[in-house]
Amino acid sequence: INEELRNTKHQTKFPFDKIIYTNIGNPQSVGQKPLTWPRQVLALVDLPDEVGIDHPEAPKLFPADAIRRARDIKRRGLIGSDGSSGAYSHSKGVKLFREDVCSFLQQRDGPEVPTDPEDIFLSNGASSAINNVLTALIADSSCGVMIPIPQYPIYSATLDLLGGKKVGYYLDENNKWDLNMEELER
């Protein structure tokens, strides 16, 4: 379509004159800059202290908060016995990061909302988390999952792969795409 849009002969074929890409799986493909801070922290975590967090020039090369975070990660024991951060973690994710998620939730929601790092599961993205949950839920073709319409395509694709049933429900477009209990109970 993009090529046809560039070709002046086809300008009236479509009711639009450009395509806006919104690839959420690869934000750099649509111009988002890579996240620098996590890469800086990881570099400092992986470097030996004498050339990383303890090097006298480190504050000139890295932001102070990246140095603090790398120091905290090293102090709290993320580093493997070989001195690297590349070792496998618990399948729930690294415990100190799960503890950080709990701290964030308690600060945001208040201490009355129960949080426990053992109830937190980290993933390497939404797609893998959705895949893990649906794989756990779908035993056979008699199992179904309610999915919103419109929906993120990974739900229907994963359900198809697992042989589960898609039970669609419509979001309320006139109410900021919110849930509608009547629609869910339909």
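The values are calculated or read from the model by the stated rules, or taken from the named source; none is laboratory data. Just so we're clear, the structure is a prediction, and the values are computed from it rather than from any experiment. Positions of Cβ are backbone-derived with ideal geometry, glycine not excepted, and every protein chain shown enters the neighbour counts. For the accessible areas, the whole protein counts, side chains as well, though only heavy atoms, and no ligand, DNA or RNA atoms are used. Shrake-Rupley method; radii C 1.70, N 1.55, O 1.52, S 1.80 Å.
Some points to look at:
- Given (1) outside any loop (DSSP other than H, G, I, E, B); (2) modelled with pLDDT of 90 or more, index of the condition residue 55 fails: (1)
- Selection count, the stretch 155-175, where residues are in contact with an Asp or Glu (Cβ under 6 Å, 6 or more places away or on another chain), touching a residue at least 12 places away in the same chain (Cβ under 8 Å) and open to solvent by less than 100 Å² (accessible area, probe 1.4 Å): 1
- Of everything listed in (1) under 24 Å from residue 123 (Cα atoms); (2) open to solvent by less than 40 Å² (accessible area, probe 1.4 Å); (3) at pLDDT 85 or above, the single unmet condition for residue 69 is (2).
- Single match in 119, 178 (criterion: charged (D, E, K, R) and in contact with an Asp or Glu (Cβ under 6 Å, 6 or more places away or on another chain)): 178
- Screening the stretch 126-140 for residues that are free of Cβ contacts under 8 Å to residues at least 12 places away in the same chain and surrounded by fewer than 14 Cβ atoms within 10 Å (Cβ to Cβ) and picking the one that is nearest to residue 157 (Cα to Cα) gives 128.
- Of the helices (runs of 4 or more DSSP H) lying entirely inside the stretch 103-186, not one carries at least 2 residues that are touching a helix residue (DSSP H, G or I) at 6+ places or on another chain (Cβ under 6 Å), among the charged types (D, E, K, R) and closer than 23 Å to residue 90 by Cα.
- Meets criteria (under 18 Å from residue 40 (Cβ atoms), surrounded by 15 or more Cβ atoms within 10 Å (Cβ to Cβ) and charged (D, E, K, R)) for residue 74: yes
- Residues (open to solvent by 70 Å² or more (accessible area, probe 1.4 Å) and closer than 19 Å to residue 77 by Cα) located in the stretch 96-120: 118
- Residues of the stretch 79-95 include at least one that is under 18 Å from the mean Cα position of the chain (by Cα), part of a helix (DSSP H, G or I) and surrounded by 12 or more Cβ atoms within 10 Å (Cβ to Cβ).
- Contact map, the stretch 16-39: first residue farther than 27 Å from residue 70 by Cα and of a type in the set (Lys, Arg), second residue surrounded by 10 or more Cβ atoms within 10 Å (Cβ to Cβ) and at pLDDT 75 or above, Cβ cut-off under 7 Å, separation 6 or more or different chains; pairs are 18/5.
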